[in-house]
Amino acid sequence: MLARVGVRDIDALFEAVPQAFRMARPLDLEPALDEPRLMQHLTDLSAQNRGASMLSFLGAGMYRHHVPPALDQLLQRSEFYTAYTPYQAELSQGTLQAIFEFQTVVCELLGTDVANASMYDAASSCAEAVLMARRIRRRNRVLISEGLHPEYIETIRTYVRGIDEGDTLFTVPLGADGRTDWAQTPDAGDVAAVIVGYPNFLGCVEDLDAAKQVAESHDGLLVTATSEPYALALLDPPAARGADICVAEGQALAVPPQYGGPGVGLFGASQTFVRQMPGRLVGQTVDAEGNPGYVLTLSTREQHIRREKATSNICTNHGLIALAMGIRTAMLGKRGFEEAGRRCLDAAHYLRSAARNLPEVEVPYAAPVFNEQVFRFSDRSAAEVAEALSAQGILAGVDLGRFRDAWKHDLLVAVTELHTREDLDRLLAGFAG
């Protein structure tokens, strides 16, 4: 190969790199292991992890719900596990049908007319929703609730930073009850969109009627973001409450949380705006003989049309996770979905009621919650509480001081249908101690 390209040795390929930046010694790596010893080494390392044996109340956008073993068995079928983007419809009917059914589920969850074939995650979905609203309204300013997930806000800022001159993102502060205080909306003039969490980052269920009024008063679109899809088992679909663009994270309905990912971004909107949606849509049709078939109906991304006409440069998605969500929702069914949501709500309310009896703990926000809420500790920081309970084998929640200094005494705690009464009592005993 070296002779073919006309160089004397490997080092000659790196002559463009200054000598000062080249490593002149071998990498400091342990000696290579054969396969049996390597597998044993990895097993020994994994045994040092405590997470699998710990009682977890982590949430903040990634939630642990039951995922049946049957889902993994179906997901690992070779025709799904090895499938690529379904450009050739005649070869991809199974994948296209699965995506079509996934889109149908998303429409039912969000209450929208149409849904796309998924995005990377809820954060990128939020950013794409902002860009979509700006295209529709032909203006750049956006009102963002302070209760939107901080990492979603950062993702939006990253998307618009390179294309905007000046600040086009304005935040609306939270009120004393944990919900957005729309009375303190800044004077931003005409805006493209108002975006709010549903429920928000603190677990509080926002008043979408009030948010819709603000959006309409600014001639903007209402965008909602839902991190916990099980909340939609009991809450009204956001589109039914006036949302024009609805995004969500589908991870909780698909796979367990794994180091913060992977997720699957849900994206739905009104039929009126379908040609401005990012990603792609799968549609159902019939062939020349009248048999049903599935095709890519709309794909307004740069791989399919001229780059300057594209609505997005999203070139792939977490298709396997979208498939997992479709399988899981089919297994649950409507009644199973509602029952799981009810168990989450009951657990959260039990925890909320019992925590109010602990002198060490305050429930700072009065707004209704679904399965996630904030507990405040007057004499210790949330980081100290989390560290103390970690020593007892409990991952007590997310230290909100990571996101804002004013929240350093606040712990965000999430419960699901997997938590038993004994689990909740164990957490409460830890708080009391």
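The values are calculated or read from the model by the stated rules, or taken from the named source; none is laboratory data. Every value quoted in this text rests on a predicted model; they were computed, and no experiment measured them. All Cβ positions, glycine included, derive from the backbone under ideal geometry; neighbour counts span all protein chains shown. The protein model used for the area step is the full one, side chains on, heavy atoms only, and it has no ligands, DNA or RNA in it. Shrake-Rupley method; radii C 1.70, N 1.55, O 1.52, S 1.80 Å.
A Cβ distance below 6 Å, combined with a sequence gap of six or more or placement on separate chains, defines the contacts here; from the stretch 276-291, residues that are assigned to a loop (DSSP other than H, G, I, E, B) reach residues that are surrounded by 11 or more Cβ atoms within 10 Å (Cβ to Cβ) and polar (S, T, N, Q) in the pairs 277/116; 278/311; 278/312; 279/116.
Which of the residues that make up the stretch 316-367 are of a type in the set (Ser, Thr, Tyr) and either under 30 Å from residue 75 (Cβ atoms) or part of a helix (DSSP H, G or I) (or both)? Talk me through it step by step, then tell me what you get.
Going through the stretch 316-367, the residues of a type in the set (Ser, Thr, Tyr) turn out to be 316, 329, 350, 353, 365.
Residues satisfying the conditions are 316, 329, 350, 353.
Residues that are in a loop (DSSP other than H, G, I, E, B), open to solvent by 20 Å² or more (accessible area, probe 1.4 Å), of a type in the set (S, T, N, Q) and without any contact (Cβ under 8 Å) to a residue 60 or more places away in the chain do not occur anywhere in the stretch 260-274. Restricting attention to the stretch 172-199, the residues being more than 16 Å from residue 225 (Cα to Cα), in contact with a Phe, Trp or Tyr (Cβ under 6 Å, 6 or more places away or on another chain) and buried (at least 16 other Cβ atoms within 10 Å of the Cβ) number 2.
Which residue pairs have Cβ atoms closer than 7 Å, lie 6 or more positions apart in sequence or on different chains, and pair a first residue in the stretch 37-60 that is touching a residue at least 12 places away in the same chain (Cβ under 8 Å) and under 30 Å from residue 400 (Cβ atoms) with a second residue that is part of a loop (DSSP other than H, G, I, E, B) and open to solvent by 100 Å² or more (accessible area, probe 1.4 Å)? If the second residue must be part of a loop (DSSP other than H, G, I, E, B) and open to solvent by 100 Å² or more (accessible area, probe 1.4 Å), the pairs left are 56/64.
Considering only residues that are β-branched (Val, Ile, Thr) and not in a loop (DSSP other than H, G, I, E, B), look in the stretch 179-210 and name the one that is farthest from residue 351 (Cα to Cα).
The initial filter retains those residues of the stretch 179-210 that are β-branched (Val, Ile, Thr), namely 180, 185, 191, 194-196, 205.
Those still in the list that are not in a loop (DSSP other than H, G, I, E, B) too: 180, 194-196.
Working: 180: 24, 194: 32, 195: 29, 196: 26 Å.
Among residues in the stretch 179-210 that are β-branched (Val, Ile, Thr) and not in a loop (DSSP other than H, G, I, E, B), the one farthest from residue 351 (Cα to Cα) is 194.
With respect to the conditions (1) more than 23 Å from the chain's Cα centre (by Cα); (2) open to solvent by less than 70 Å² (accessible area, probe 1.4 Å), residue 167 falls short on a single one, namely (2). The set of residues in the stretch 405-424 that are surrounded by fewer than 17 Cβ atoms within 10 Å (Cβ to Cβ) and either without any contact (Cβ under 8 Å) to a residue 12 or more places away in the chain or of a type in the set (Ser, Thr, Tyr) (or both) comprises 405, 406, 420, 422.
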